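Colleague: Attaching a single structure in structure tokens format; questions to follow.
The values are calculated or read from the model by the stated rules, or taken from the named source; none is laboratory data. In this text the structure is predicted, and so the values were computed from the model without any measurement. Cβ placement follows ideal geometry from the backbone for every residue including glycine, while neighbour counts extend to all protein chains displayed. Quick note on the areas: whole protein, heavy atoms, side chains included, nothing else; ligands and nucleic acids left out. Shrake-Rupley method; radii C 1.70, N 1.55, O 1.52, S 1.80 Å.
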Amino acid sequence: MKKVLSLVLALLLALSLAGCAGSKPETVVTAFCGAIQAFDLEKAAACMENGSTDLEDPYDDAQAEGILSSAQIMDYLKECASEMTYRITESETDGDRAEVSVSFTYVDAGPVMSAALGEYITQAFALAFSGADDAQMEELFGSIFMEKAESVETGTASADVTFNCVKVNGDWKIASFTDEAEEAITEILTSCVAGALEGFGQAFEEEDSEEEPEVTVWHDVPPGQDAELATLRIRITGCEEKSELTAEYFDPEPAQEGTKFVVFSVVAENITNESINFNNDLVLTDSQGRSYNPYTNALWYYDETFCYTDLAPSIAKSGVFVYNVPADSDGYFLSVLKAGTGDGYRLYAK
């Protein structure tokens, strides 16, 4: 989280030590809070004891840097920051050191970022296949983000932060943040956008690291019957084999020689109490024991392939799972594990 805060500061302004000092610790803390409220990050950094040294940028994730540095998001964050409020709740001084506690209330724009990322993943696949460069990909995300900023409701968050202050040459400065304070300030400064971005990345890591339990009890699920997982209820309602994929605005995509497309009709329902993001990662296995992942290009030809799809609670959504398999594949089924249990389900098409 410290890396994200450092990045945001570094992207906007060259840091300076001048222009933010106080005769009392409350003065420099108030100046810092007012600076981030005004999105004046040069002034905020100047309130720090070591300026740019405390906020050195070790962040090297190019994709996240591109997302956070887009002009659209910076403008949005400035607007959100202006709505932040704060008040000093306690201050204690002991010689050349002091602690100043501040209570913040600020915009929670995390749902905007989460919704934007989910839709971006879906559209980015198609754009990447068309040969788009990094600038076009960033422009796509910026457009999606601003659309979600208008349609997705934000919330309100609060945080209590204790600032450690030190007297430097007769003036009070804010010492480097603790990890806890760093995380809170990052969320305040980015209106929870940074946390949503980090959480999305962690979800990918957890998905990639998920392993099958040592002992799995498999349950066969015929078409038309529900398989209830930890967060989802999934039902296969039909299956069709195709020699090509077609859509109104795209040229047909024929299956390569010796293969066919298998298209499962699916109904998925979120059984939790909050919206979740669902990506189809179910593997198709045929009667010969061969396994196949979902066919990525399918999103060009179907409205809903469950590629990082937002699912609202208790609202069933229909779509398809598409696979490209050898022409002699038969007896196939989809397999999925129920998180946190030793249960697995084989969803059959016939």
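Colleague: Since Asp328 meets every condition but one in (1) in a loop (DSSP other than H, G, I, E, B); (2) touching a strand residue (DSSP E or B) at 6+ places or on another chain (Cβ under 8 Å); (3) of a type in the set (D, E, K, R), which condition does it not meet?
Modeller: (2)
Colleague: So which residues in region 144-199 are in a helix (DSSP H, G or I), under 18 Å from Gln72 (Cα atoms) and open to solvent by 60 Å² or more (accessible area, probe 1.4 Å), if there are any at all?
Modeller: Listed by number, the residues that qualify are Met146, Glu147, Glu150, Ser151.
Colleague: Now, a different point. Does region 175-197 hold any residues that are in contact (Cβ under 8 Å) with a residue 24 or more places away in the chain and not aliphatic (A, V, I, L, M), and which are they?
Modeller: Ser176, Phe177, Asp179, Glu182, Glu183, Thr186, Glu187, Thr190, Ser191, Cys192, Gly195
Colleague: Assuming Glu269 fulfils every condition listed in (1) at pLDDT below 95; (2) open to solvent by less than 60 Å² (accessible area, probe 1.4 Å); (3) charged (D, E, K, R); (4) farther than 15 Å from Thr296 by Cα apart from one, which condition is it?
Modeller: (1)
Colleague: Still on this structure, please answer the following. Is it true that Thr285 is under 21 Å from Ala255 (Cβ atoms), β-branched (Val, Ile, Thr) and either open to solvent by less than 60 Å² (accessible area, probe 1.4 Å) or in contact with a Lys or Arg (Cβ under 7 Å, 6 or more places away or on another chain) (or both)?
Modeller: yes
Colleague: For a quick check of your reading of the model, give me the residue pairs whose first member lies in region 138-165 and is of a type in the set (A, V, I, L, M, F, W, C), whose second is open to solvent by 40 Å² or more (accessible area, probe 1.4 Å) and in a strand (DSSP E or B), with beta-carbon atoms closer than 6 Å and at least 6 apart or on different chains.
Modeller: Pairs that qualify, where the first residue is of a type in the set (A, V, I, L, M, F, W, C) and the partner is open to solvent by 40 Å² or more (accessible area, probe 1.4 Å) and in a strand (DSSP E or B), are Ala157/Asp108.
Colleague: Which residue pairs have Cβ atoms under 6 Å apart, sit 6 or more places apart or on different chains, and have a first residue in region 281-310 that is within 12 Å of Phe264 (Cα to Cα) and a second that is in a helix (DSSP H, G or I) and small (Gly, Ala, Ser)?
Modeller: Thr305/Ala298
Colleague: Continuing with this model, one more query. Name the residues in region 295-315 that are assigned to a loop (DSSP other than H, G, I, E, B) and open to solvent by less than 60 Å² (accessible area, probe 1.4 Å), would you?
Modeller: Listed by number, the residues that qualify are Tyr295, Tyr301, Tyr302, Glu304, Thr305, Phe306, Cys307, Tyr308, Ala312.
Colleague: Do any helices (runs of 4 or more DSSP H) entirely within region 56-142 hold 1 or more residues that are at pLDDT 90 or above and surrounded by 14 or more Cβ atoms within 10 Å (Cβ to Cβ), and if so, which?
Modeller: 71-82
Colleague: Now a separate question. Say whether the condition of being part of a loop (DSSP other than H, G, I, E, B) and either more than 21 Å from the chain's Cα centre (by Cα) or not acidic (Asp, Glu) (or both) is met by at least one residue in region 259-267.
Modeller: No, region 259-267 contains no residue that is part of a loop (DSSP other than H, G, I, E, B) and either more than 21 Å from the chain's Cα centre (by Cα) or not acidic (Asp, Glu) (or both).
Colleague: Between a residue in region 214-232 that is on the phi > 0 side of the Ramachandran plot and any residue that is of a type outside the set (Val, Ile, Thr) and surrounded by fewer than 15 Cβ atoms within 10 Å (Cβ to Cβ), which pairs come within a Cβ distance under 9 Å, given they are 6 or more apart or on different chains?
Modeller: Gly224/Gly238
Colleague: Mind checking which residues of region 304-342 are modelled with pLDDT under 90 and acidic (Asp, Glu)?
Modeller: Asp310
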